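Single-structure report; data block below.
The values are calculated or read from the model by the stated rules, or taken from the named source; none is laboratory data. Since this is a predicted model, take the numbers as computed values, not measurements. All Cβ positions, even for glycine, are placed from backbone atoms using ideal geometry, and neighbour counts span all protein chains on display.
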Amino acid sequence: MLGSVHHIGYLVKDINKSMNAFGSLGYEIETNPFYDAERMSNFCFMTKDDTRVELVEPAKESDIFPLLKTYNNCIYHMCYRVKDIDIEVSELKKQGYLLFRDKQAAPAISETAVVVFLMHSRMGIIELLQEGEK
């Protein structure tokens, strides 16, 4: 069963401009912008009260860069905490979700975090996050 929302992922063209926009709404920087070579994107986490957003600025070589042409700056995905990522992926596949991106480490979240991305025609993209043992 999916747990609570860990963050809302935003696809952005310019991470610094988006950080300023979120900052004007009262969001504070949780992690400074950094480049993830495996995902070929810049990332930054910002928080306000109990809400965390992840800003994702893909490089031109990234597989998600083409989404910017269609969606501009927009919500890209919801990330849910899970206890067992493999069980959840199996259950979601039974509900029609397709694996969008294989399970991989998520060092931006924690040293032990792993994530996977799935897509559903009626839901869009969701990310599952398991923290703890890999």
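Might you check whether a residue that is without any contact (Cβ under 8 Å) to a residue 24 or more places away in the chain, farther than 14 Å from TYR10 by Cα and of a type in the set (A, V, I, L, M) occurs anywhere in the stretch 63-82?
no
Each row is one residue, and each column tells you yes or no for (1) within 22 Å of ASN72 (Cβ to Cβ); (2) modelled with pLDDT of 95 or more.
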position: SER18; (1), (2): yes, yes
position: SER24; (1), (2): yes, yes
position: GLU28; (1), (2): no, yes
position: TYR35; (1), (2): yes, no
position: GLU38; (1), (2): no, no
position: SER41; (1), (2): yes, no
position: PHE45; (1), (2): yes, yes
position: VAL53; (1), (2): yes, yes
position: LYS60; (1), (2): yes, no
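Name the residue that is surrounded by the fewest Cβ atoms within 10 Å (Cβ to Cβ), counting only residues in the stretch 89-134 that are more than 17 Å from the chain's Cα centre (by Cα) and of a type in the set (Asp, Glu).
Among residues in the stretch 89-134 that are more than 17 Å from the chain's Cα centre (by Cα) and of a type in the set (Asp, Glu), the one surrounded by the fewest Cβ atoms within 10 Å (Cβ to Cβ) is GLU133.
Can you confirm whether the stretch 78-96 contains a residue that is of a type outside the set (A, V, I, L, M, F, W, C) and in a strand (DSSP E or B)?
Among the residues of the stretch 78-96, at least one is of a type outside the set (A, V, I, L, M, F, W, C) and in a strand (DSSP E or B), which makes the answer yes.
Name, by its number, the condition in (1) closer than 20 Å to GLU131 by Cβ; (2) in contact (Cβ under 8 Å) with a residue 12 or more places away in the chain that does not hold for SER41.
Answer for SER41: the failing condition is (1).
Looking at the stretch 2-58, which of its residues are outside any strand (DSSP E or B), under 20 Å from LYS103 (Cα atoms) and of a type outside the set (A, V, I, L, M, F, W, C)?
GLY3, SER4, GLU38, ARG39 - these are the residues of the stretch 2-58 that are outside any strand (DSSP E or B), under 20 Å from LYS103 (Cα atoms) and of a type outside the set (A, V, I, L, M, F, W, C).
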